[in-house]
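Chemist: Before I ask anything, let me first share the structure, which is written out below as C-alpha cells.
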Amino acid sequence: MSKDYYDILGVSKDSSKEDIKRAYRKLAHKHHPDKNGGDEKKFKEINEAFQVLGDDSKRKHYDQLGTAGGFSGDFSQGFGGGRWGFGAEDLGDVFETFFGGFSRQGSRSKRGSDISIAIDVSFADSVFGTKRSVLLQRSAACEACRGSGSEAGLKKKKCGTCQGTGTIRESRKSIFGMFTSLAECSLCKGTGEIPEHPCKSCKGMGIKRKQENLDIEIPPGIQNGEVIKLVGMGEDIFGGTSGDLYVKIGVALHPVFRREGSDILMDLQLPISTMLMGGEEKIETLDGAILVKIPELSNSGDFLRVRGKGIVKSRSSRGDLLIRLYPKLPKKLSPRAKKLLSDLKEEEL
C-alpha cells in the first residue's frame, strides 16, 4: 500500500465505521488549517484516508487490493468542488464540528433540564409498594399567565429584534466561503413574539421557580438503586418541552429478611429437639404471623418454602418466602440432657 490509511486515522483494521468517523472528526478538528497550529498537508491526508475508509465499497477494495478503488486523491472532486473535498454525506458533520451543532436539520428543539432526587424506603415498602410525598423545587409554568408571559387576556406583539422569525441570522467566513447560521433570538426565546404587557408575576418570563408537593408512587417489588422516571416533571423552559424527573430508590436493610430475586430469605434458629423430632413453629413474616411445619430430622441449612409470601411480581403473582433452618445450641447441658444424648449416641451405634 502506498499509504496506510488506518495508521493515518489512528484506528485498527477491525474498527467500526463509527470508530473511523469519530477518529476522523477529532483529527480534522485538530489539524484544520484555519485554526492556529493547523496543518493543511496533514488535514488533506486525513480527509483522503476518511474518503476511503468511510466508504464501505472503497474500504473493501482498499483492504483487498491495497488501493482505494478508483479514488484519485484529488479533493476537487468533493462536495461542490471545494478545495477540501468533503462528501455531501459528511458535510453536516463538518457543520456540527465547526459551527456549534447547527446542521441540515436546523436547530435542536429546546428542552428543560432533568431533575434527579433520591428517596429511601423500608424493606417492607419495597415489597408491597408505597406512596411518598416530596417537596420539589423547580422551574414551572407561571400560574398567573399560564406560561404565556403576558398579562391575562392581553395579546402579544411581534418581536422587533428578530422581526417575528424567532431566529437571528449571522454570517461568517469559513473555508467553504460565506455561511449564514441561525441562532435563537435571545429576546423572544425563539417564539417570535413578546408580551405587550408582561405578566407581573413572572415579569414576562412565563416561568417561575416554585416549590410544590409531589406524590410519588413507589411500585411494589422495586429494588435498591432502581430509578423511576416521571416524564415532564423536570424543569420547564419557555417555548420548549419540560425535562423529566428521575427518582432513585434506596431500600433499607432489614434485620431479618433479605431479597433473593423474587424470593425473600430468612434464617430461623430452632432447638435441637425441634430439628430432630419436628413440630410447628410460629414466625413473623411481612404478612403477619404464620405457623410453619418443621419436618422430622431436619438438617442445618435445610430450607422451608412458603408459597406466595415473597416479592410482589404482578397483581396476582408473588415470589416465595424461603426459611433456612439452623439449630440453636444450648449454653450448657443438664445431667438429664447429657443422659438423653448418651442414650441417643448408643442408639446410633
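Read the figures in this text as sums done on the coordinates, not as results from a lab. Since the model is a prediction, treat every value here as computed from it, not as a measurement. Methodologically, a virtual Cβ is constructed for each residue, glycine included, from the backbone with ideal geometry; neighbour enumeration extends over all protein chains shown.
Chemist: Report the label-to-label distance for Asp63 and Arg172 in nanometres (one decimal), using points 7 Å from each Cα along the Cα→Cβ vector.
Modeler: 3.8
Chemist: Among the aspartates and glutamates, which fall within straight-line cross-link reach of Lys155, defined as a Cα-Cα distance under 18 Å, with same-chain neighbours fewer than 8 residues apart omitted?
Modeler: Straight-distance partners of Lys155: Glu143, Glu193, Glu196.
Chemist: Follow-up. Given a cut-off of 25 Å, name the pairs among Lys158/Lys208; Lys200/Lys229; Lys21/Lys60 whose C-alpha atoms lie farther apart than that in the structure shown.
Modeler: Values: Lys158/Lys208 23 Å; Lys200/Lys229 34 Å; Lys21/Lys60 16 Å.
Long pairs (Cα-Cα over 25 Å): Lys200/Lys229.
Chemist: Indicate, rounded to the nearest 5 percent, the antiparallel portion of the DSSP beta bridges found entirely in the range 258-348.
Modeler: Looking only at bridges with both residues in the range 258-348, the antiparallel portion is about 65 percent.
Chemist: Tell me the GluC sites (Glu not before Pro) within the range 228-303 that lie in a loop according to DSSP and have at most 11 other beta-carbon atoms within 10 Å.
Modeler: Sites meeting the loop and neighbour criteria: Glu296.
Chemist: Hey, another quick one. Charges only on Cβ, +1 for Lys and Arg, -1 for Asp and Glu: so what's the dipole of the range 258-348 about the Cα centre, in debye to the nearest 20?
Modeler: For this selection, approximately 380 debye.
Chemist: Lys and Arg at +1, Asp and Glu at -1: add these up for the other residues within a Cβ distance under 11 Å of Gly301 and post the number. Let's see the in-between values first.
Modeler: Working: positive: Arg324; negative: Asp267, Asp302.
That works out to -1.
Chemist: With a cap of 13 neighbouring Cβ atoms within 10 Å, and only residues DSSP puts in a loop, list the trypsin sites (Lys or Arg not before Pro) found in the range 215-323. Let's see the in-between values first.
Modeler: Values: sites: Lys229, Lys248, Arg258, Arg259, Lys282, Lys293, Arg305, Arg307, Lys309, Lys313, Arg315, Arg318; in loops: Arg307, Lys309, Arg315.
Answer in residue order: Arg307, Arg315.
Chemist: Choose one of Gly288, Pro271, Val306: the residue whose Cα lies farthest towards the positive end of the charge dipole of the range 230-349 (beta-carbon charges +1 Lys, Arg; -1 Asp, Glu; about the Cα centre).
Modeler: Pro271
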